[in-house]
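Worksheet: one structure, shown below.
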Protein chains: 2
Amino acid sequence: MPHYKAPVDDVRFLLNDVLQIRRYDNLPGFSDLSGDVLDAILTEAAKFCEEVVAPLNASGDREGCTRHPDGRVTTPAGFKDAYAQYVAGGWMGISAPSAFGGQGLPETMTTIVNEFMVSASLAFAMYPALTQGAIAALVIHANDELKRKFLPKMIEGRWTGTMNLTEPQCGTDLGLLRTKAVKQADGSYKLTGTKIFISAGEHDLSENIIHLVLARIEGAPAGIKGTSLFVVPKLAVSADGSAGGPNGVTCGSIEEKMGIHGNATCVLNYEDATGWLIGEENRGINAMFVMMNEARLAVGVQGLALSEVAYQNAAAYAKERLQGRALTGPKAPDKPADPIIVHPDVRRVLLTIKALNEGGRALALWTALQADVAHRSDDEKTRQAADDALGLLTPVIKGVLTDRGFANAVAAQQVFGGHGYIVETGVEQFVRDARITMIYEGANGIQALDLVGRKLPRDGGRAVMAFFSEVGAFAKEHAADEAMKPFVAPLEKALGRTQAATMWFVQNAMGNPDNGAAGATDYMHLFGLTATGYMWARMAKAAHTKLTADANAKDAMQAKLATARFYMERVLPETGTFLARIQAGAESTMALPAEAF
Amino acid sequence: MPHYKAPVDDVRFLLNDVLQIRRYDNLPGFSDLSGDVLDAILTEAAKFCEEVVAPLNASGDREGCTRHPDGRVTTPAGFKDAYAQYVAGGWMGISAPSAFGGQGLPETMTTIVNEFMVSASLAFAMYPALTQGAIAALVIHANDELKRKFLPKMIEGRWTGTMNLTEPQCGTDLGLLRTKAVKQADGSYKLTGTKIFISAGEHDLSENIIHLVLARIEGAPAGIKGTSLFVVPKLAVSADGSAGGPNGVTCGSIEEKMGIHGNATCVLNYEDATGWLIGEENRGINAMFVMMNEARLAVGVQGLALSEVAYQNAAAYAKERLQGRALTGPKAPDKPADPIIVHPDVRRVLLTIKALNEGGRALALWTALQADVAHRSDDEKTRQAADDALGLLTPVIKGVLTDRGFANAVAAQQVFGGHGYIVETGVEQFVRDARITMIYEGANGIQALDLVGRKLPRDGGRAVMAFFSEVGAFAKEHAADEAMKPFVAPLEKALGRTQAATMWFVQNAMGNPDNGAAGATDYMHLFGLTATGYMWARMAKAAHTKLTADANAKDAMQAKLATARFYMERVLPETGTFLARIQAGAESTMALPAEAF
């Protein structure tokens, strides 16, 4: 059976020493987060995830969800009780507005807690995660009446949420959607259509399920500019906010999937279901984007979280499993063989995962802080700069942390040898579960196109220029520091490659957009490794500082520095391949006629 | 439901135009393989795999194997009948010695047929594949009496085979094995012990199962030099060669696994089971190596085969699925959207898989031909050179084709978006099945160590020097050919990197073996991409020749050239990353203390 221990010390190091969260105490919610409150949240979240959620992960995978003939769906044994504890702990709303019952703490705290939750069980964590995404969309786009009606119970956790975009003929290309909405005399709408792949679409955890549904109002223009967003509760909600009878939404079936068996992936049939418009008519995609951006950051962290729990189990196994002898002579001569962690190739695998996890966590929390600043600062320029960074980094976090997270789970599985392929060992579940994170919330190829096609050129490249100048300034500032040389020099090289790739797009993708799209995935990974390299350089700086200031931190900080060096020497060089591929251009990608595939 | 079409035309191009199989007609078995015989084998094998085996793959995955309370194991519905057809078709022994009922055709033909078989169903194909490995070990190491007793029925397919190495405490490190063998007065042995992870260990397809078992003779030295190989039938075999009653081998349980559900992975308990020594006492590992090398080549091809079938399904989906519009303007203006194959990022994914598959197939068949030459040539120098190449390439084929094969199956799954995660689509099974190929027959990290630690230094580097000079000579020969420049220049660059990495090992790994081991996996992939690049350059040359000679081949040969260019521009650059990692040395890999993981 796999084990999990939340990386509380690493989070503390990031918040206190690297990102220096106290610098943000001028923002609403941050000053409420005293050191004691922060510690209490981390400790309690860790405890809940390790002791309540993690034990349900393997059994939930084996049992899966069950759809009953009447359309009800029940979750695996234990999910309902664990969810009740989640609600009782007040976890859903820690970052939600206090006006509707939330605690108003930084969104960064939700990002941290959600990492722990997903490491414990992705299938379980998805139920609250989707609710938090729906809350975010309602907070920003719904009118006051809808907010009052839905938000308090959702923030409490008694009602959960979903997002309904996909239809059989319409995945990435939302302009193809057909679900129709007909306006009623009272201002509400009747929705009819079929949505598929709706995660947490029907289940027994909450009293009501609040669906956010993209649909086309009768007579709306064709394509994406004719879509509107609606809130459609599973059970009708009366004026006093209480849930009543069925509202024309039924679960037609649940999918049999590769993983996340504990989360119900539903076909939802809408038949004259009553819904209310959120935001403006035909501007549904704009409202949906809020939810999607929030969700994309969260899904990136899911990739990290599964990589983390897979790593922990592989590292523990590598220290226990005795097989072979170190090439430089026996390390455990009293035992029949050495633990396999003596072998360089096993270390290579584990260090690659460890370096990407700790670097990825830094990047995710740095980005989450940008979200907090973007949403809470009272200074417009500060907000804009943070929003730029958030927009730029969101597709990178989603795409890179999930591609790498899955690859890391696969690599961790490899450490177990044949045992890794056996269900009972538990690590193969992490691989199957992690696979979905590369697909949902916009497949990673779409993230790459979002980055290259939208985020780079936006506002004349303002966001990417600011990023380059921040990283460049850091490198310059520490260039003369002897202790920082092993980190600064490789970072500068990676930065140079990212700048060269960006320049190549400027020169070659304007005239031929295929040149941008053919290199988009490589660019996303180039950017992701460089940004993670920047995080590792900052962590190295913080580790040096802490080494001299805090004798107790010696082992932990020396481990940080060793991992930082590994990242620079063994992970960052891949940036060279990405640049070479980008600069090859689209010609050989586009040459083959479709029928020759 | 996935479909499969065996790549018969591609195999013909490789055998006839690239590898020019007619040049080997002086070897036994090759002259029997006339053009008509070759065509008949390819056509019949394709038909059997497409029509009989492939339809069982998904249902076999869903049903899995069943162990009954009495220890019997039954395979999924349809497997027994399909296996009977396999036997009736004479497929098991097409390359086996005619003295024992085989057809004596080149081993290359078995490699080809096995690729088709695995694409159709890995779980099914493993039953014969393990038998063929056992046949190979018996042919080379068993005495005449044992050969007469076991080989005819195995080559016919009425009896199947297995290999028994792993025990709970003993995986990679075979020196730790405990199964004991006690010599009897009649020269036989009684074996007692527990073997785990025995593929095809117990099932209902054949009349008897012939286990090849590694065990320790009472009083043998400790470690790997005290292990011997035995043949132990499930049912006792009398002097006349007929099967009798049980022989002390029982299936204690079967494993629940990530994939290959249709193949029974057994715990086998030996209790005074009667076996006979194969080869010399305490030299079991040498005899086992024959079987393992054969099996490693076969497993490499399994990675390719799953990549191929995953590719075929992804390519078909990409041509059908309508979503979005081409960046350069609509390509199917009469439809609601363009097929997704217009998108550069989808093409990037598909072309990467296609280029690795066709290049990998060339590499596998080239290596299989080396095996034929090594085993059949009457010239000692020719045999030695082929055996050198075979030894060098076997770990590369196993490690690279399975690492890439799995990654390719994952990439193919991505093309399906959310549908790829659904069991019904069928592509997620290819991912789960492909995962085992990176693990069994020596985990890929072990392949890399075999390459760097054993195959490179052997005989003063004779094998690798011969490989470098062959590739170098090809590049030199075609350097002035304008049409070959796009292929020769990148190949030379990759060759230079592989030579630089080899030289780095010579200079740095002798004194510190960790420097070799820390770079071993990167070296294996560097070597694999370079060798595949050599194959692509040869294919490009053959395509150019055929383009001028055969007007009917125009489309196919232009597709070859386009794919070759993609390989050179978009796949081969990764060699730069591998070299950089190798040259970073082991220091950062070894620095972190075990307790800091």
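Of all the numbered requirements in (1) assigned to a loop (DSSP other than H, G, I, E, B); (2) more than 9 Å from every other protein chain (Cβ to nearest Cβ); (3) surrounded by fewer than 23 Cβ atoms within 10 Å (Cβ to Cβ), A:Gly262 misses one, and that requirement is (3). Are any residues in the range B:416-436 in contact with a Phe, Trp or Tyr (Cβ under 7 Å, 6 or more places away or on another chain), more than 9 Å from every other protein chain (Cβ to nearest Cβ) and buried (at least 24 other Cβ atoms within 10 Å of the Cβ), and if so, which ones? B:Val427, B:Ala434 - these are the residues of the range B:416-436 that are in contact with a Phe, Trp or Tyr (Cβ under 7 Å, 6 or more places away or on another chain), more than 9 Å from every other protein chain (Cβ to nearest Cβ) and buried (at least 24 other Cβ atoms within 10 Å of the Cβ). If you go through the range A:227-255 and keep only what is small (Gly, Ala, Ser) and within 29 Å of the chain's Cα centre (by Cα), you end up with A:Ser228, A:Gly252, A:Ser253.
Only residues that are farther than 29 Å from A:Gly417 by Cβ, touching a Ser or Thr at 6+ places or on another chain (Cβ under 9 Å) and hydrophobic (A, V, I, L, M, F, W, C) were counted in the range B:160-196, giving 1.
Out of B:Gly193, B:Gly175, which single residue is modelled with pLDDT of 95 or more and either small (Gly, Ala, Ser) or outside any helix (DSSP H, G or I) (or both)? Give the steps one after another, and end with the answer.
Values: B:Gly175 fails: modelled with pLDDT of 95 or more.
After ruling out the rest, the residue left standing is B:Gly193.
Within the range A:67-83, restricting attention to residues that are in contact (Cβ under 8 Å) with a residue 60 or more places away in the chain and outside any loop (DSSP other than H, G, I, E, B), the residue that is surrounded by the most Cβ atoms within 10 Å (Cβ to Cβ) is A:Phe79. Assessment of the range B:216-227 against the conditions (within 14 Å of another protein chain (Cβ to nearest Cβ), touching a strand residue (DSSP E or B) at 6+ places or on another chain (Cβ under 8 Å) and touching a residue at least 12 places away in the same chain (Cβ under 8 Å)) yields at least one matching residue. The single condition among (1) at the interface with another protein chain (Cβ under 10 Å from one of its Cβ atoms); (2) hydrophobic (A, V, I, L, M, F, W, C); (3) surrounded by 24 or more Cβ atoms within 10 Å (Cβ to Cβ) that A:Ala368 does not meet is (1).
How many residues does the range B:265-275 contain that are crowded, with 22+ Cβ neighbours inside 10 Å and of a type outside the set (Gly, Ala, Ser)?
Filtering the range B:265-275 down to residues crowded, with 22+ Cβ neighbours inside 10 Å leaves B:265-266, B:268, B:270, B:273, B:275.
This time we only want the ones that are of a type outside the set (Gly, Ala, Ser), so: B:265-266, B:268, B:270.
Adding up the residues that qualify gives 4.
When the residues of the range B:386-402 are filtered to those that are surrounded by fewer than 24 Cβ atoms within 10 Å (Cβ to Cβ) and not aliphatic (A, V, I, L, M), the one that is farthest from the other protein chains (Cβ to nearest Cβ) is B:Asp387. When the range A:530-545 is limited to residues that are farther than 17 Å from A:Leu365 by Cβ and out of contact with any Ser or Thr (no Cβ under 7 Å at 6 or more places or on another chain), the one that is surrounded by the fewest Cβ atoms within 10 Å (Cβ to Cβ) turns out to be A:Thr545. Just one of the listed residues (B:Asp36, B:Asp32, B:Asp61, B:Asp10) is surrounded by fewer than 15 Cβ atoms within 10 Å (Cβ to Cβ) and assigned to a helix (DSSP H, G or I), and it is B:Asp36.
Of everything in the range B:326-348 that is of a type in the set (Val, Ile, Thr) and crowded, with 21+ Cβ neighbours inside 10 Å, the residue that is nearest to the other protein chains (Cβ to nearest Cβ) is B:Ile341.
When B:Phe566, B:Phe527 are checked against the criterion of being among the aromatic types (Phe, Trp, Tyr), crowded, with 17+ Cβ neighbours inside 10 Å, in contact (Cβ under 8 Å) with a residue 12 or more places away in the chain and within 20 Å of B:Gly461 (Cβ to Cβ), B:Phe527 stands alone in meeting it.
Residues in the range A:32-65 that are without any contact (Cβ under 8 Å) to a residue 24 or more places away in the chain and over 24 Å from A:Lys546 (Cβ atoms): 4 in all.
Rundown of residues vs (1) assigned to a helix (DSSP H, G or I); (2) closer than 26 Å to A:Gly171 by Cβ; (3) more than 9 Å from chain A (Cβ to nearest Cβ), yes/no style:
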| residue | (1), (2), (3) |
| --- | --- |
| B:Ala355 | yes, no, yes |
| B:Asp372 | yes, no, yes |
| B:Ala409 | yes, yes, yes |
| B:Gln413 | yes, yes, no |
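For A:Ala355, indicate whether it is within 22 Å of the chain's Cα centre (by Cα) and surrounded by fewer than 21 Cβ atoms within 10 Å (Cβ to Cβ). Working first, answer last.
Details: within 22 Å of the chain's Cα centre (by Cα): yes; surrounded by fewer than 21 Cβ atoms within 10 Å (Cβ to Cβ): no.
No.
Within the range A:485-495, does at least one residue satisfy the condition of being among the basic types (Lys, Arg), more than 13 Å from chain B (Cβ to nearest Cβ) and in a helix (DSSP H, G or I)? Checked against the condition, which is being among the basic types (Lys, Arg), more than 13 Å from chain B (Cβ to nearest Cβ) and in a helix (DSSP H, G or I), the range A:485-495 yields at least one hit.
Put simply, of B:Val471, B:Val427 the only residue that is touching a Gly at 6+ places or on another chain (Cβ under 9 Å) and within 30 Å of A:Gly442 (Cβ to Cβ) is B:Val427.
The values are calculated or read from the model by the stated rules, or taken from the named source; none is laboratory data. As the structure is a computational prediction, the values presented were derived from the model and not from experiment. Here the Cβ is made from the backbone with ideal geometry for all residues, glycine too, and neighbour counts use every protein chain on show.
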